[in-house]
Amino acid sequence: MEYTSILVEREAAEKIAVVTVNRPDKLNALNLAVLKELGAAFDELEADQDVRAIVMTGAGAKAFIAGADIAELNALPDPVHGAYHGHLGQQLCFKIERLRQPVIMAINGYALGGGLELAMAGDIRIAAETARLGQPEINLGIIPGFGGTQRLPRLVGKGFAKLMIFGGDPITAEEGQRVGLIDRVVPQAQLAGEARKLAIALAKKAPLALAAAKAAINGGLETDLDRGCDLEAAQFGLLFSTADKAEGTKAFLEKRPANFMGA
């Protein structure tokens, strides 16, 4: 598929892909076209067995995604269209969260509103020192609509999430790391390289095991410990039917690197 608002670059040798929101003149703001293109891109990448890890970022140095396209939001005529817009963003976040591959969010600048909500749906968030993170919707007379009221408190706790959502003020990358919203902070110049390096490292791991670990962690956090452990045991057991499990254990015993095929 051809895209007009995003870039999708595959690195076949490394088995990774980089998805870039490409509207730097608009600070990579999300409109309906971007949301639909991102949804289509992630569907394509999930179906591509040669892609084992994904990096998502924004074009330019100023913004990852600086939020929604406000002119488009202002033009939404009624609650039905508002709810449709919110559901579209939520579906994209669920798609990213449930993708079989790990998704690394390389936050290179402003991650505000829907941009932060998309970043929270990723597996690992690496931010430039210059990044700013926030849910400023309250200043527009609305609330986060792409899952921010749900994922943010799960990451940083109820109190700090309310502070960010009620107040609408952005925080620094360092503050985001302190509260658990960001996993790693690096200098701006090193961000793309660090995200790519991590993606390449993950792409060398057993892809079915990565998918199982992702499903167990995400699913387990939504239930109690007993049911979470049952989910883990089920995923653990399923992997014993895979060629990758046989290869991994054999390679360990033979003291050589494993060659995982995703089967």
Kirkwood Rh, the stretch 1-48, all Cα pairs: how many Å?
11.3 Å
If you take the Cα atoms of the stretch 207-253, find Rg, then find the Kirkwood Rh from the mean of 1/r over all pairs, what is Rg/Rh?
1.07
Exceeding 27 Å between C-alpha atoms, which entries from my cross-link table qualify? They are Lys36/Lys158; Lys197/Lys245; Lys36/Lys62; Lys95/Lys205; Lys36/Lys205; Lys95/Lys158.
Lys36/Lys158; Lys36/Lys205
Given charges of +1 on the Cβ of Lys and Arg and -1 on the Cβ of Asp and Glu, with all other atoms neutral, how large is the dipole of the chain about its Cα centre, in debye to the nearest 20?
620 debye
To make sure I understand the rule: partners must be aspartates and glutamates, Cα under 13 Å from the Cα of Lys15, and not fewer than 8 residues away in the same chain. Which ones qualify?
Glu46, Asp48, Asp50
Shape metrics for the chain, restricted to C-alpha atoms - Rg then Dmax, Å:
18.9, 65
In the chain, which longest range has no trypsin sites (Lys or Arg not before Pro) that are both DSSP loop (not H, G, I, E or B) and surrounded by at most 16 other Cβ atoms within 10 Å?
63-203
Give me the mean projected area, in nm² to one decimal, of the convex hull enclosing the Cα positions of the stretch 1-112.
7.1 nm²
Estimated vicinal HN-Hα couplings, Hz - the stretch 108-122 in sequence order (Karplus 6.51, -1.76, 1.60; Gly, Pro = x):
9, x, 5, 10, 10, x, x, x, 5, 5, 5, 4, 5, 7, x
Restricting to DSSP H runs of at least four residues, report the calculated mean residue ellipticity at 222 nm for the chain, -39500 (n - 2.57) per run over all residues, nearest 500 deg cm²/dmol.
-15000 deg cm²/dmol
With θ set to phi - 60° and the Karplus curve 6.51 cos²θ - 1.76 cosθ + 1.60, what are the ³J(HN,Hα) couplings of the stretch 3-8 in order, to the nearest whole Hz, using x for Gly and Pro?
10, 10, 10, 9, 10, 10
Taking N as its residue count, the alpha carbon Rg of the stretch 94-210 over 2.2 N^0.38 Å
1.07
Answer with one residue from Ile142, Ala119, Ile200: the one whose Cα lies farthest towards the positive end of the charge dipole of the chain, charges on Cβ with Lys, Arg +1 and Asp, Glu -1.
Ile200
Relative contact order of the chain (C-alpha contacts under 8 Å, at least 6 apart) in percent is 16 percent
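Each value in this text was obtained by applying a stated rule to the coordinates, not by laboratory testing. From a predicted model like this one, the values you see are computed outputs, not experimental measurements. Note that each Cβ is placed from the backbone with ideal geometry, even for glycine, and that neighbours are counted across all protein chains shown.
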